[in-house]
Amino acid sequence: MLNFTIGPVMSNEKVREIGSKQVPYFRTPEFSELMLESEDLMKKLLNAPEDSRCVFITGSGTASMEAIVMNGFNKDDKVLIVNGGGFGQRFVELCQLHEIPYESIDLEISKDITEDILKNYENKGFTGFLVNIHETSTGVHYNLDLISEFCKNNNIFLVVDAISSFLADEVDMSKNNLDVVITGSQKALACPPGVSIIALSPKAIAKIEKNNCKSMYLDLKNALKNGERGQTPFTPAVGILIQINARLNEIFENGGVESETEKIKTIAEDFRSQIKDLPFEITSNSLSNAVTPLHPTTASADDIFNILKDEYDIWICPNGGDLKDTLFRVGHIGDLTINDNNQLIEALKDMQKRNLI
Ligand SMILES: *Cc1c(COP(=O)(O)O)cnc(C)c1O
């Protein structure tokens, strides 16, 4: 199997080897030490300001999105959400569910945010800004510098879902004044799904401490308190946390966040140069290194996904809903090589020969 989806992605041998072992008991100094090390490594990778914290939530990325909506905001807030696709819509629904006052910037599909759009929201009393910095559903990487400048000028608390962008694109908490960054285990961290990570600036920690959260499992005050000693309030996905720790250490041994991002960028650029002769159009003009969104001009996107899966044992990422036939995505994260790209291109060229695309 060759997996070009955007999560779960392929894990390397080291991570898979850990997955084959027995899962240890976790209320031990050894596990606490591992967790404190992971927190420290995460903070370094994100260039988090001093006194920031990271909590590890057992639950996929959406659990952390919900946790931050519930713990970070209340009825006195007014939140601005960038809604350009499936993940932006998820933040909208979370704010509806938890009765957080919000407005959404509904972007045209496949379009980036602009200065002109943001101008309409200046000085309107917003207290929070929620954005999926890479809207993975359509492969649009929003302009973080622009958003961060807007939030700074308007004194707005900035929450960035970087679940598919972390390690693939620059995510620098200090440079861009990010108050909260969310990521997950199954994207560029290339571990199994089940754990998401929330990085919190000192300002975010203070906001959460002041707020009243009505949840037992997703109470971040409790997670922060237990995290001080390298523990979690409840039994976490221990095995995945051990895999994450190994991956974080490996990223540092291989030169840190820049070289990891460079590796993903190289794979993405190789793929994008190799598809020039195929009947596909790249639909986003603001790409993340993590994903290439493609519109096939001669066939159904969903058919291409199914044929690659069933006849070539290669997985790309289909889209749902209205985009089912018009858009598919190729991921560049996980344990992929240029040779893997070559195999995918060969399969696509074979499909072209068979008049399937
Ligand atoms: C993958 C992803 C998520 C998380 O989805 P889960 O299925 O809950 O892990 C959230 N936001 C973005 C931008 C993503 O790419």
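Can you tell me the orientation of helix 86-97 relative to the chain, as the angle in degrees between its alpha-carbon axis and the longest Cα principal axis, to the nearest 10?
Tilt relative to the chain: about 30 degrees.
For the chain, what is the calculated [θ] at 222 nm in deg cm²/dmol (nearest 500), taking -39500 (n - 2.57) for each run of four or more DSSP H residues and dividing by its residue count? Numbers along the way, then the final one.
Numbers: 12 runs with 142 residues, N = 357.
Calculated from helices alone, the mean residue ellipticity at 222 nm is -12500 deg cm²/dmol.
Would you mind checking the radius of gyration and Dmax of the chain based on alpha-carbon positions, in Å?
When restricted to the Cα atoms of the chain, Rg and Dmax are 20.3, 63 Å.
So if we plug the beta-carbon distance of E108 and Y312 into 1/(1 + (r/R0)^6) with R0 = 41 Å, what FRET efficiency do we get, rounded to 0.05? Each step should come with its number before you reach the end.
Values: r = 34 Å, r/R0 = 0.82.
It comes out at approximately 0.75.
Go ahead and run the numbers for FRET between R354 and E281, Cβ-Cβ distance against an R0 of 25 Å, rounding to 0.05. Please report the intermediate quantities before stating the final value.
Values: r = 21 Å, r/R0 = 0.84.
Calculated transfer efficiency: 0.75.
Round to the nearest 10 and give me the degree value, 0 to 90, for the angle of helix 338-353's Cα axis relative to the longest principal axis of the chain.
50
In nm, to one decimal, how far is the K203 label point from the L36 one, both placed 7 Å along Cα→Cβ?
Going from the K203 label point to the L36 one covers 2.9 nm.
Provide, for q = 0.24, 0.32 Å⁻¹, the log10 of I(q)/I(0) from a solvent-free Debye sum over equal Cα point scatterers in region 215-255.
With one equal scatterer per Cα and no solvent, log10 I(q)/I(0) is -0.84, -1.01.
Which residues does a label at D335 reach in region 10-41, if reach means a backbone N under 15 Å from a point 7 Å past the Cα toward the Cβ?
10-21
How big is the charge dipole of the chain about its Cα centre, in debye rounded to the nearest 20, if each Lys and Arg gets +1 on its Cβ and each Asp and Glu gets -1 on its Cβ? Each step should come with its number before you reach the end.
Values: 34 positive and 52 negative charges, 158 e Å.
The calculated dipole for the chain is roughly 760 debye.
Which order do peptides 276-283, 62-69, 316-323, 160-167 fall in by mean Cβ count within 10 Å, highest first?
On the way: 276-283: 14.4, 62-69: 23.0, 316-323: 16.6, 160-167: 28.9.
In descending order of packing, they fall as 160-167, 62-69, 316-323, 276-283.
In nm, to one decimal, how far is the modelled label at K21 from the one at L146, with both set 7 Å along Cα→Cβ?
Distance between label points: 4.6 nm.
Short version: ³J(HN,Hα) in whole Hz for each residue of region 198-211, in order, from phi by Karplus 6.51 cos²θ - 1.76 cosθ + 1.60 (θ = phi - 60°), x for Gly and Pro, what are they?
So the Karplus estimates, Gly and Pro as x, are 10, 9, 10, 6, x, 5, 5, 4, 4, 5, 5, 4, 7, 8 Hz.
Want the number for K265 to Y121: 0.36 nm per residue separation, take away the alpha-carbon distance, what's left? Mind showing how you got there, number by number?
Values: separation 144, 0.36 × 144 = 51.84 nm, distance 3.33 nm.
Once the chain is fully extended between K265 and Y121, it gains 48.5 nm.
Going through the cross-link list K14/K263; K187/K263; K14/K225; K75/K221; K43/K152; K43/K78, which pairs have a Cα-Cα distance over 23 Å in this structure? Write down the numbers at each step before the final one.
Values: K14/K263 18 Å; K187/K263 15 Å; K14/K225 31 Å; K75/K221 19 Å; K43/K152 21 Å; K43/K78 28 Å.
Pairs exceeding the cut-off: K14/K225; K43/K78.
Local charge sum around C213 (other residues, Cβ-Cβ under 9 Å, Lys/Arg +1, Asp/Glu -1)? Before the final figure, lay out each step's value.
On the way: positive: K214, K221; negative: D219.
Counting the neighbours of C213, the net charge comes to +1.
Does region 132-240 come out rounded, prolate or oblate, given a ≥ b ≥ c as the square roots of the eigenvalues of its C-alpha gyration tensor, rounded meaning a/c under 1.5 and, failing that, prolate meaning a/b above b/c? Mind dumping the intermediate values first?
On the way: a/c = 2.24, a/b = 1.21, b/c = 1.85.
Oblate, since a/c reaches 1.5 and b/c is not below a/b.
Per Stokes-Einstein, at 37 °C and 0.692 mPa s, what whole-number D in µm² s⁻¹ belongs to region 1-77, with the Kirkwood radius over Cα pairs as the hydrodynamic radius?
Numbers: Rh = 15.9 Å.
Answer, rounded: 206 µm²/s.
Quick one: what are the phi-derived ³J(HN,Hα) couplings along region 33-39, Karplus 6.51/-1.76/1.60 with θ = phi - 60°, whole Hz, x for glycine and proline?
Residue by residue, region 33-39 yields 5, 4, 5, 5, 5, 4, 4 Hz.
Per the Kirkwood formula on distinct C-alpha pairs, the Rh of region 1-150 is how many angstrom? Spell out each step's value before the answer.
On the way: mean 1/r = 0.0548 Å⁻¹.
About 18.3 Å, per the Kirkwood formula over Cα pairs.
Please identify which residues in region 316-357 have an amide N closer than 19 Å to a label point set 7 Å out from the Cα of E250, following the Cα→Cβ vector.
331-341
Using the count of nearby Cβ atoms within 10 Å as a rough guide to exposure, how do L348, L224, L146 rank from fewest to most? If you can, show how the numbers build up before the last one.
Values: L348 26, L224 19, L146 15.
Least to most surrounded, the residues fall as L146, L224, L348.
Computed FRET efficiency, Cβ-Cβ of F234 and D172, R0 30 Å: what is it to the nearest 0.05?
Numbers: r = 32 Å, r/R0 = 1.05.
So the FRET efficiency works out to roughly 0.40.
Positive end of the dipole of region 202-342, charges at C-beta (+1 Lys, Arg; -1 Asp, Glu), about the Cα centre: which of T297, G256, C317 has its Cα farthest in that direction?
G256
Using a basic spin-label model with each label point 7 Å from the Cα along Cα→Cβ, how many nm lie between Q343 and S215?
3.8
Return the sequence-ordered ³J(HN,Hα) values of region 59-74 in whole Hz as given by the Karplus equation 6.51 cos²θ - 1.76 cosθ + 1.60 applied to θ = phi - 60°, using x for Gly and Pro.
Those phi angles translate into x, 6, x, 4, 4, 6, 4, 5, 4, 6, 5, 6, 8, x, 9, 8 Hz.
With all pairs of different alpha carbon atoms counted, what Kirkwood hydrodynamic radius in Å does region 70-213 show? Don't skip to the end; give the middle numbers.
Working: mean 1/r = 0.0651 Å⁻¹.
Kirkwood hydrodynamic radius for region 70-213: 15.4 Å.
What net charge is computed for the residues neighbouring P101, neighbours being all others with C-beta under 15 Å from the C-beta of P101, Lys and Arg scored +1, Asp and Glu -1?
Numbers: positive: K75, K78, K124; negative: D76, D77, E93, E99, E103.
After counting each charged neighbour, the total is -2.
Laboratory data are not the source of any read-out in this text; all were calculated from the coordinates shown. Just so it is clear, the structure is predicted and the values come from calculations on it, not from any experiment. All Cβ positions, glycine included, derive from the backbone under ideal geometry; neighbour counts span all protein chains shown.
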